[in-house]
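First up is the structure itself, then whatever we jot down about it.
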Amino acid sequence: MIDTLRLTAEDAQALLDRGEVSGAELRAAYLDAISERDGELRCFLRTVDETEGDGVPIALKDVISTKRVETTAGSKILAGYVPVFDSTVAARCKEADLQLLGKTNTDEFAMGSSTENSAFGPSRNPWDPTRVPGGSGGGSAAAVTAGLAPWALGSDTGGSIKQPSALCGNVGLRPTYGTVSRYGIVAFASSLDQVGPVAKTVRDVALLYSIIAGRDRNDSTTAELPEPVRLPEGESLAGVRIGVPTELTEADGIEPGVKDAVARAIELAEGLGAEVGECSLPRSVRYGLPCYYLIAPAEASSNLARYDGVRYGPRAAGESYQELVERTRDDGFGDEPKRRIMLGTYALSAGYYDAFYGQAQKVRTLIIQEHREAFERFDVLACPTSPTVAFPIGERAGDPLAMYASDLLTIPSCLAGLPGLSVPCGLSEGLPVGLQLIGPQFGENLLFRVGHALEQAIGFDTVPARWRHGVRPGSDPSGLTPRDSQ
């Protein structure tokens, strides 16, 4: 019997290579797991009956266009939209013989930090189904942790890969901006969006990154990698300089348990030979969140203008073109896209552009410079990924500012276009804590090295505690608390 809860993508490939299982058997095991567990977790919006590959199965966030498979971006306004082409990342997965399992749930147009903004209902955290899996890529992160897919692709604009990985207890990479093609990705904020992998281990993440990364003639913002992707080995961090940004470890709202788990991980890094020191990113923390929530909504306002009910998706009735468009957008968009469209349109409007969007871009330049100065002294920066562990479903749904603060620690490096890796580093109140490792531009291999070494030293068990005591996933775990100790 294939234990999908513990099987890594690398191990799955080894089983296939040795002929111990077939691609069909491996796929069947994951589809059985989805059938058994996803009724509770709602990670998938849809599964796929047929696949072109015969290798390791994969799940894709539903902002990634897939030929002949419905792609909705978690929105009613794209319900029924079936692309006639593959995005570049989907095509590269097919070229690598990966089998598509299905499309995972997401906050609408990737706008959110909890997956509660999905038009099709929230996903749930495998560690405790009363809590969020993070967002916007909560479906992908929860699917990997629950053994519904060995790995997955998500997209990250301000933290939508790293934050769900932290809350679900797995590994997520937001790559350097431009190393992965955005062709065929439903756009949110084009200067920030980036596709990246989610998996159980750092080696799996590195392997999937090697499949999807590289220049694409369909995306002029892409770049060639300066060096091949290397799968990390070894546990020594000798010679690695790790900077700990004071503002990103002491910011208001970081839970004590999160601080403690991250501090222990940094101590472990020092024990593995790393040189650890403090650094400062004052502008990044003070201005990162307001800067992001001017730039991202402004770009969203432009990108989402194309959804008018004329070319694709549902169309509302109207006696005139203007009425048709107004009704279609009113019926099709949820509250969060509407909120960001209005904010972005205002920031771009005549008389306000320079004061808001233009000023935010100047601040973004300062944030980039601040990170560049930090990397003159250090090779990697380390801090919490999320200020808190997974919070209860509904707790922040009515408070947009509290929800936005969930990405306080991930947004600055996203604005700077830098790679970030979230690695599970322990538990707080029985729920996973993520350590965020930030690298310089094109510093993915260094992140993989540091992340892998810490992963081995920490020994985090990615299987949720409620499933470690002989209780079959999908059955009633009566008598067990969802937050048993690690």
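On the basis of being hydrophobic (A, V, I, L, M, F, W, C), more than 18 Å from the chain's Cα centre (by Cα) and either part of a loop (DSSP other than H, G, I, E, B) or crowded, with 20+ Cβ neighbours inside 10 Å (or both), does Val84 make the cut? Answer is yes for this residue. Scanning region 364-378 for residues that are among the charged types (D, E, K, R) and not in a helix (DSSP H, G or I) gives no hits. Of all residues in region 261-311, exactly one satisfies the criterion of being of a type in the set (Lys, Arg), in contact (Cβ under 8 Å) with a residue 60 or more places away in the chain and within 30 Å of Gln359 (Cβ to Cβ), namely Arg283.
Residues that are touching an Asp or Glu at 6+ places or on another chain (Cβ under 8 Å), under 18 Å from Leu446 (Cβ atoms) and at pLDDT 95 or above do not occur anywhere in region 250-259. Summed over region 308-329, the residues that are in a loop (DSSP other than H, G, I, E, B) and of a type in the set (Asp, Glu) give a count of 2. Residues in region 192-215 that are more than 29 Å from Ala360 (Cα to Cα), buried (at least 23 other Cβ atoms within 10 Å of the Cβ) and among the charged types (D, E, K, R): Lys200, Asp204. Are any residues in region 96-120 in a loop (DSSP other than H, G, I, E, B) and either surrounded by fewer than 24 Cβ atoms within 10 Å (Cβ to Cβ) or not small (Gly, Ala, Ser) (or both), and if so, which ones? Once the filter is applied, which keeps residues that are in a loop (DSSP other than H, G, I, E, B) and either surrounded by fewer than 24 Cβ atoms within 10 Å (Cβ to Cβ) or not small (Gly, Ala, Ser) (or both), region 96-120 yields Ala96, Asp97, Leu98, Asn105, Thr106, Asp107, Met111, Thr115, Glu116, Asn117, Ala119, Phe120. Selection of region 235-293 for residues being surrounded by fewer than 20 Cβ atoms within 10 Å (Cβ to Cβ), under 22 Å from the mean Cα position of the chain (by Cα) and closer than 15 Å to Gly434 by Cα yields Thr249, Ile254, Glu255, Lys259. Scan region 243-251 and give yes if some residue there is aliphatic (A, V, I, L, M), more than 23 Å from Ser413 (Cα to Cα) and either in contact with a His (Cβ under 6 Å, 6 or more places away or on another chain) or part of a loop (DSSP other than H, G, I, E, B) (or both), otherwise no. Among the residues of region 243-251, not one is aliphatic (A, V, I, L, M), more than 23 Å from Ser413 (Cα to Cα) and either in contact with a His (Cβ under 6 Å, 6 or more places away or on another chain) or part of a loop (DSSP other than H, G, I, E, B) (or both), which makes the answer no. Does region 379-400 hold any residues that are in a loop (DSSP other than H, G, I, E, B) and surrounded by fewer than 24 Cβ atoms within 10 Å (Cβ to Cβ), and which are they? Listed by number, the residues that qualify are Asp379, Pro387, Thr388, Phe391, Ile393, Gly394, Glu395, Arg396, Ala397, Gly398, Asp399.
If you go through region 27-37 one residue at a time, do you hit one that is β-branched (Val, Ile, Thr), in contact with a helix residue (DSSP H, G or I) (Cβ under 7 Å, 6 or more places away or on another chain), surrounded by 18 or more Cβ atoms within 10 Å (Cβ to Cβ) and in contact (Cβ under 8 Å) with a residue 60 or more places away in the chain? Taking every residue of region 27-37 in turn, none turns out to be β-branched (Val, Ile, Thr), in contact with a helix residue (DSSP H, G or I) (Cβ under 7 Å, 6 or more places away or on another chain), surrounded by 18 or more Cβ atoms within 10 Å (Cβ to Cβ) and in contact (Cβ under 8 Å) with a residue 60 or more places away in the chain.
One residue alone among Gly139, Gly135 is within 15 Å of the chain's Cα centre (by Cα), in a loop (DSSP other than H, G, I, E, B) and small (Gly, Ala, Ser), and that residue is Gly135. A Cβ distance below 8 Å, combined with a sequence gap of six or more or placement on separate chains, defines the contacts here; from region 356-371, residues that are free of Cβ contacts under 8 Å to residues at least 24 places away in the same chain reach no residue that is outside any helix (DSSP H, G or I) and surrounded by fewer than 20 Cβ atoms within 10 Å (Cβ to Cβ). Out of Pro297, Pro337, one residue alone is within 30 Å of Phe375 (Cβ to Cβ), in a helix (DSSP H, G or I) and in contact with a Phe, Trp or Tyr (Cβ under 9 Å, 6 or more places away or on another chain). It is Pro297.
The values are calculated or read from the model by the stated rules, or taken from the named source; none is laboratory data. Predicted, not measured: the structure shown is a model, and the values here were computed from it. We place every Cβ from the backbone using ideal geometry, glycine too, and count neighbours over all the protein chains shown.
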